[in-house]
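A quick write-up on the structure given underneath.
The values are calculated or read from the model by the stated rules, or taken from the named source; none is laboratory data. In this text the structure is predicted, and so the values were computed from the model without any measurement. Neighbour counts are summed over all protein chains in view; Cβ atoms, including those assigned to glycine, are modelled from backbone coordinates with ideal geometry.
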Amino acid sequence: MSESQPSSACLDPDAAIAVHSAIPKHRQHLLKWNGWGYKDSRFEYTNGTLIFTGDRYPIGGSVSLPYFKEYVEKYLGVDLDNRREGNPLPQHYPDPVPCSEFTSQLAQHRIEFSQAGEDRLVRCHGQTLHDIHTLRAGSFKRIPDVVVFPTSHQQVVQVVQAASESDVVVIPYGGGTSVSGASTCPENETRPIALLDTSQMNKLLWFNKENLTACFEAGIVGQDLERVVRKLGYTVGHEPDSYEFSTLGGWVATRASGMKKNLYGNIEDIVVKVRMVTAQGVLDKNVTIPRMSCGPDFDHIVLGSEGTLGVVTEVVIKLRPIPEVKKYGSLVFPDFESGIKCLREIAKHRLQPASIRLIDNEQFVFGQALKPAGGPLTHLSGALQKAYITKFKGMSLEKIAIVTLLFEGNAKDVKRHEQQILGIAMKYGGFSAGSTNGEKGYILTFVIAYIRDLALEYSVVAESFETSVAWDRCEILCTNVKNRIRKECAKHSIKHYLISCRVTQSYDAGACVYFYFGFNHTGFSSPVHIYETIEAQARDEILACGGSISHHHGVGKIRSRWYPQTVSEVGVALYRATKRQLDPKNIFAAGNFLPLEETEKNVCESQKLISKL
């Protein structure tokens with residue numbers, strides 16, 4: 001459908017294009033209830049070797065990964081004969097806090113809801129290590145009391161109004177991929193909690209071919225969104241690691257970033273307009289235009305609000321033509337420091353391709369461990385590659401770092417772009433390692449999250465965390481954070497652990513850095529607590545080195561302790577004032593940004609103010 005002059009953000013729902021969602025309403029039928037991703041996709045150690053099940057990913061199809069066993073035994077001290085099964089899906093659930101007035105109003109408006117224990121359990125959390133470990137080994141202190149399935153913006157308005165009248169907490173929920181604790185129910189919340197599942201709001205509402213804009217409901221999943229616009233001949237280009245499961249509304253609520261942000265932008269660059277339902281009404285601009293100077297941009301209040309101010313219902317986004325050419329590449333550098341210098345030089349000239357990512361030696365070694373078994377020439381090919389790197393190039397396999405590249409555009413521009421980047425790489429000792437390695441490295445991103453579930457089965461806790469940092473502090477931050485974690489591991493008597501990092505996005509003034517940390521917790525009674533303690537120390541080090549508390553994961557609950565020092569006390573006061581204005585009764589009590597007691601204090605002050613008026 002094409003709408004040349006959409007008069008509003010929402011057309012007749014009967015005219016909208018519905019999407020067959022990648023995540024069905026009863027997601028537990030398709031997705032793991034206690035881990036990452038699809039049920040049919042997982043790493044399994046069987047018959048002396050590692051395989052990845054299912055056929056959704058190139059690494060799948062039960063292809064043997066023979067090098068992994070030696071790696072985990074050497075670096076993590078894992079006993080692959082000692083597998084620890086997680087708890088089965090519970091059969092009994094806590095009774096929901098009564099909210100009959102609220103559910104009666106939902107029934108009157110014909111809004112579907114569920115109070116089934118399983119539906120409530122699978123949506124009471126995100127994907128933090130704490131969340132998944134709790135599902136596998138314990139139980140949550142608080143889960144939602146009702147799950148609501150609105151199908152339109154208007155139904156969300158009705159849900160929020162009913163919640164406000166009934167004093168019911170509303171927590172918006174998209175794909176459940178949060179790694180900040182943002183979607184976890186506050187443990188001390190005594191009011192009924194309604195989990196507002198946006199999965200049924202997954203329609204294309206309109207498409208404007210002339211302006212290359214489209215309006216989607218916020219519950220559409222990333223891969224579904226891309227599938228729809230590609231049928232129209234276009235792309236969005238936003239590709240976070242969670243692209244298969246995260247939603248458009250979730251991207252807006254967390255200020256998300258994707259792997260191809262160099263070409264297509266971060267979510268704030270892609271969004272033209274946002275519609276959000278608050279407890280005080282609908283926040284929505286009355287025009288769909290690229291930019292305007294009309295006071296503060298209220299879309300930027302919505303972006304990054306993490307479900308604490310309202311529910312994102314509809315988003316107008318930019319589209320781009322599907323590129324003529326998509327080509328991968330890779331570079332090898334003598335060390336991580338040389339790679340950083342090369343990325344900085346490329347950024348200076350604004351020559352970043354769609355994606356450019358630098359991995360350190362530890363991640364390179366880890367990636368080699370996930371190589372599948374090959375044919376008779378595989379070992380010969382590997383030996384020749386090693387000989388070329390070590391003897392001809394004079395590099396050490398214990399120090400090399402790898403850059404993966406993705407180019408998109410027309411053939412002539414891509415070829416010229418490749419040559420420009422290779423020229424810069426050579427100045428820092430780098431050389432091309434071909435497109436195949438680049439493609440494998442890029443695609444591995446989508447299956448890496450499945451590794452954590454396997455790790456938990458063999459007494460290893462692991463997680464990633466990210467930051468952004470200025471270029472002149474990038475190298476020292478990476479070094480200092482790794483050293484800090486090593487010291488903390490020694491302090492806790494942890495012998496087998498892995499700490500690695502990668503630079504995933506680059507800007508004019510700095511870069512995003514991801515850290516991956518895991519350790520063997522055999523013999524430790526509280527492994528998640530130890531992990532969180534060490535990560536907190538690493539976060540302190542990040543801030544001391546000039547890094548941020550997050551580049552794109554958001555604040556949530558697990559990083560709320562650092563929020564005040566990041567935005568200043570005046571910034572906290574501004575957030576509180578916004579919260580009081582848009583949500584005076586604290587209906588959106590997700591508990592993110594500020595500790596729960598701070599939020600409760602804010603609500604008490606707001607209610608006193610209301611009583612005086």
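Annotations for the structure displayed:
- Residue that is under 22 Å from the mean Cα position of the chain (by Cα), charged (D, E, K, R) and at pLDDT below 95, where the choices are D299, D269: D299
- Residues located in segment 394-419, provided they are of a type in the set (S, T, N, Q) and surrounded by 14 or more Cβ atoms within 10 Å (Cβ to Cβ): T404
- Filtered by the rule that a residue be crowded, with 23+ Cβ neighbours inside 10 Å and small (G, A, S), segment 217-258 gives A218, G219, G222, G237, S242, S246, G249, G250, A253, A256, S257, G258.
- Single residue of segment 67-79 satisfying the filter (assigned to a loop (DSSP other than H, G, I, E, B) and surrounded by 15 or more Cβ atoms within 10 Å (Cβ to Cβ)) that is modelled with the lowest pLDDT: Y67
- Segment 463-489, subset hydrophobic (A, V, I, L, M, F, W, C) and surrounded by 20 or more Cβ atoms within 10 Å (Cβ to Cβ), residue farthest from H130 (Cα to Cα): C474
- Residue match in segment 88-102 (condition: part of a loop (DSSP other than H, G, I, E, B) and at positive phi): no
- Residue list for segment 121-161, restricted to those being assigned to a helix (DSSP H, G or I) and under 22 Å from the mean Cα position of the chain (by Cα): L121, L129, H130, D131, I132, H133, T134, L135, R136
- Remark: pairs (first residue in segment 34-63, more than 18 Å from G176 (Cβ to Cβ) and part of a loop (DSSP other than H, G, I, E, B); second residue at pLDDT below 95 and of a type in the set (A, V, I, L, M); Cβ separation under 6 Å; 6+ apart in sequence or on different chains) = Y57/V447; P58/I443; I59/V447; S62/I51.
- Among the residues listed as Y57, Y45, the single one being in contact with a Lys or Arg (Cβ under 8 Å, 6 or more places away or on another chain) and either of a type outside the set (V, I, T) or modelled with pLDDT under 90 (or both): Y45
- Considering residues of segment 559-571 that are surrounded by 18 or more Cβ atoms within 10 Å (Cβ to Cβ) and not aromatic (F, W, Y) only, the residue farthest from V282 (Cα to Cα): R559
- Residue match in segment 540-558 (condition: assigned to a strand (DSSP E or B) and without any contact (Cβ under 8 Å) to a residue 60 or more places away in the chain): no
- Matching residues, segment 229-276, being touching a residue at least 60 places away in the same chain (Cβ under 8 Å), in a helix (DSSP H, G or I) and not charged (D, E, K, R): V229, L248, G249, G250, V252, A253, T254, N262, L263, Y264
- All conditions but one from (1) under 28 Å from Y497 (Cα atoms); (2) crowded, with 18+ Cβ neighbours inside 10 Å apply to E337; the one that does not is (2).
- Residue in segment 517-527 that is outside any helix (DSSP H, G or I) and either assigned by TED's automatic domain parsing to the domain that holds G339 or among the charged types (D, E, K, R) (or both) present: no
- Failed item, numbered, when V168 is tested on (1) buried (at least 22 other Cβ atoms within 10 Å of the Cβ); (2) at pLDDT below 95: (2)
- Search result, residues across segment 280-332 that are of a type in the set (V, I, T), over 15 Å from E268 (Cα atoms) and crowded, with 20+ Cβ neighbours inside 10 Å: T308, V311, T313, V332
- Residue within segment 247-258 that is among the hydroxyl-bearing types (S, T, Y) and farther than 18 Å from S178 by Cα present: no
- Test: residue in segment 88-97 that is of a type in the set (V, I, T) and touching a Pro at 6+ places or on another chain (Cβ under 8 Å): yes
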